[in-house]
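The values are calculated or read from the model by the stated rules, or taken from the named source; none is laboratory data. No experiment lies behind these values; they were computed from the predicted model shown. Cβ coordinates were reconstructed from backbone atoms using ideal geometry, including for glycine residues, and neighbour counts include every protein chain displayed. Keep in mind that these areas ignore ligands, DNA and RNA; they rest on the heavy atoms of the full protein, side chains included. Shrake-Rupley method; radii C 1.70, N 1.55, O 1.52, S 1.80 Å.
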Amino acid sequence: KAVVSTQSTGAWARSEKDNSENIVTGGVDDLVKSWNWRDDFLDYKATLKGHQLGVVSVTINAAGTVAASSSLDSTIKLWDLDSSKQIKSIDAGPVDCWTVAFSPD
């Protein structure tokens, strides 16, 4: 896959799944962006807003339908990649959450 500039101020995190055309990125601009990879082209889909500080980790579930992001604002957010809407926000409290992952089951 080609290297492209996905965040205006630099991407800190990227995730994709082999069985999905969805790619998500997150960066210092506090934004999560979703993309579609089709026919060797990366097409911008949506900007997912809600974090107050830089996004440090993103991941996509095995089905390629839900993304999770964590931020320096101590929140974890779940995103529906079909509707580009936030599903849930989880406050991690006074600790930073540097990595998010989905369980394989």
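Listed values, structure above:
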| quantity | calculated |
| --- | --- |
| Filtered residue count, region 81-99, keeping only those that are under 12 Å from Val24 (Cβ atoms) and either open to solvent by 20 Å² or more (accessible area, probe 1.4 Å) or of a type in the set (Gly, Ala, Ser) (or both) | 1 |
| Every residue from region 59-71 that is in a strand (DSSP E or B) and open to solvent by 20 Å² or more (accessible area, probe 1.4 Å) | Val66 |
| Set Ala92, Ala13, Ala63, Ala101: member being modelled with pLDDT under 95, touching a Lys or Arg at 6+ places or on another chain (Cβ under 9 Å) and not acidic (Asp, Glu) | Ala63 |
| Every residue from region 72-99 that is assigned to a strand (DSSP E or B) and either under 13 Å from Lys49 (Cα atoms) or touching a residue at least 60 places away in the same chain (Cβ under 8 Å) (or both) | Thr75, Ile76, Lys77, Leu78, Trp79, Asp80, Lys85, Gln86, Ile87, Lys88, Ser89 |
| Residue tally, condition open to solvent by less than 40 Å² (accessible area, probe 1.4 Å) and part of a loop (DSSP other than H, G, I, E, B), over region 19-30 | 2 |
| Some residue of region 38-58 being in contact with a Leu (Cβ under 9 Å, 6 or more places away or on another chain), open to solvent by less than 40 Å² (accessible area, probe 1.4 Å), at pLDDT 80 or above and of a type in the set (Lys, Arg) | no |
